[in-house]
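Scroll down for the structure; my scribbles are underneath it.
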Amino acid sequence: MARLGTAGANFGLPAAAGAVLQPVHLAAESARAMSSIASYESLVHAVSGAVGSMTAMTVFFPLDTARLRLQVDEKRKSKTTPAVLLEIIKEEGLLAPYRGWFPVISSLCCSNFVYFYTFNSLKALWVKGQHSTTGKDLILGVVAGVVNVLLTTPLWVVNTRLKLQGAKFRNEDIVPTNYKGIVDAFHQIIRDEGVLALWNGTFPSLLLVFNPAIQFMFYEGFKRKLLKKQLQLTSLDAFVIGAIAKAVATTLTYPLQTVQSILRFGRHRLNPENRTLGSLKNVLYLLQQRVRRFGLMGLYKGLEAKLLQTVLTAALMFLVYEKLTAATFTVMGLKHSRRH
């Protein structure tokens, strides 16, 4: 007796009909997956995340400038954020703390759009209307981070160099740059260092995908707990849990962030060969050199500035993100998915 196919058995149809229905079923599943990935909701989350990050970074941009100087310029004696900012203003002008604002904001906009879109699309595809879990949030955060790193690292390499161009360094091993803008920076880097130089710092960046992953894991976890007790997050809720989540993630991954900044800048020389630093294999070398020069705490040089900047920026970003997302769904008359 002929054996019925699975699909045919389910619907009381012959095997031939089941064989026909099988690809139809797969096509339907594929269509549903694509609709989850290319959904309007994912787009709203991505745009809200991008706008939130741009707003927050603009407000706290001088703190990021101080953090980057402390990470890259190892011989700078000032240790605190206010002291570094005062030095920068005194030596380089009142607007110096905002040097490189446009390329940073452009890169941040692209980066957060990619991250939020990927995270929420994959979440819609995997969770499928159910409640998410801490483990799923961490995995989704890592995958979204890898996609983000591979696509946007060239933008971050360029904006790091533009932000530090014209700075007065204490470290004589730093080679100065002369870029006329974003396009010229891309052109000079590719011409002088090769196209792969645009992905300097990719290895520590890939390791650092755990930073936003940990951040989103804590944020989504806190958010789920609060939403069990109330209908929606208040402004204070979003700000506080965003700040806590980012503080934990930043502290855990800061040594790699320092190496990432140095590699992206790529204008240090390796003594005694006097070669320009730009190889991923130098990650361990940089960590060892920093510990040798400054002790174990050297790995956390600039952490105060980074925590001050990144915690406040993340808190404001999540606040704007939540409010903008909720407002958009309300205006468009769409039901905000409760996949939390």
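The values are calculated or read from the model by the stated rules, or taken from the named source; none is laboratory data. The structure presented is a predicted model; accordingly, all values stated were derived computationally and were not measured. With ideal geometry, Cβ positions are generated from the backbone for all residues, glycine too; neighbour counts draw on all protein chains shown. For the accessible areas, the whole protein counts, side chains as well, though only heavy atoms, and no ligand, DNA or RNA atoms are used. Shrake-Rupley method; radii C 1.70, N 1.55, O 1.52, S 1.80 Å.
Some notes on this structure:
- Applying the set (1) open to solvent by less than 30 Å² (accessible area, probe 1.4 Å); (2) farther than 30 Å from SER132 by Cβ to PRO204 leaves exactly one unmet item: (2).
- Taking the stretch 46-150 as the region of interest, the helices (runs of 4 or more DSSP H) fully inside it that hold 2 or more residues being at pLDDT 85 or above, crowded, with 22+ Cβ neighbours inside 10 Å and within 13 Å of the chain's Cα centre (by Cα) are 101-127.
- Remark: pairs (first residue in the stretch 104-127, closer than 21 Å to MET217 by Cβ; second residue among the β-branched types (Val, Ile, Thr) and open to solvent by less than 10 Å² (accessible area, probe 1.4 Å); Cβ separation under 7 Å; 6+ apart in sequence or on different chains) = SER111/THR152; VAL114/THR152.
- Comparison of ILE190, ILE174 shows that the only residue that is in contact (Cβ under 8 Å) with a residue 40 or more places away in the chain, among the β-branched types (Val, Ile, Thr) and over 26 Å from SER48 (Cα atoms) is ILE174.
- Of all positions in the stretch 107-123, none carries a residue that is among the hydroxyl-bearing types (Ser, Thr, Tyr) and out of contact with any helix residue (DSSP H, G or I) (no Cβ under 7 Å at 6 or more places or on another chain).
- Residues being closer than 15 Å to PHE265 by Cα and part of a helix (DSSP H, G or I) - total across the stretch 196-211: 8
- THR253, sole failed condition from (1) closer than 20 Å to LYS306 by Cα; (2) touching a residue at least 60 places away in the same chain (Cβ under 8 Å): (2)
- Restricted to the stretch 279-321, and to residues there that are farther than 25 Å from VAL47 by Cα and of a type in the set (S, T, N, Q), the residue that is most open to solvent (accessible area, probe 1.4 Å) is GLN288.
- Which numbered condition GLY194 fails, given (1) on the phi > 0 side of the Ramachandran plot; (2) crowded, with 20+ Cβ neighbours inside 10 Å: (2)
- Top-ranked residue of the stretch 208-225 - restricted to ones that are open to solvent by 40 Å² or more (accessible area, probe 1.4 Å) and at pLDDT 90 or above, ranked as nearest to THR258 (Cα to Cα): PHE218
- Residue count, the stretch 211-242 (criterion: within 23 Å of the chain's Cα centre (by Cα) and of a type in the set (Ser, Thr, Tyr)): 2
- Among the residues of the stretch 298-339, those identified as modelled with pLDDT under 80, over 26 Å from PHE61 (Cβ atoms) and either outside any loop (DSSP other than H, G, I, E, B) or among the charged types (D, E, K, R) (or both) are LYS335, ARG338, ARG339.
- Among residues of the stretch 151-162 being out of contact with any Lys or Arg (no Cβ under 9 Å at 6 or more places or on another chain) and open to solvent by 20 Å² or more (accessible area, probe 1.4 Å), the one that is farthest from PHE119 (Cα to Cα) is LEU155.
- Criterion violated by MET57 - all others in (1) closer than 17 Å to TYR115 by Cα; (2) touching a Lys or Arg at 6+ places or on another chain (Cβ under 9 Å) satisfied: (2)
- The stretch 258-278 - residue that is polar (S, T, N, Q) and open to solvent by 20 Å² or more (accessible area, probe 1.4 Å) and, of those, modelled with the highest pLDDT: GLN260
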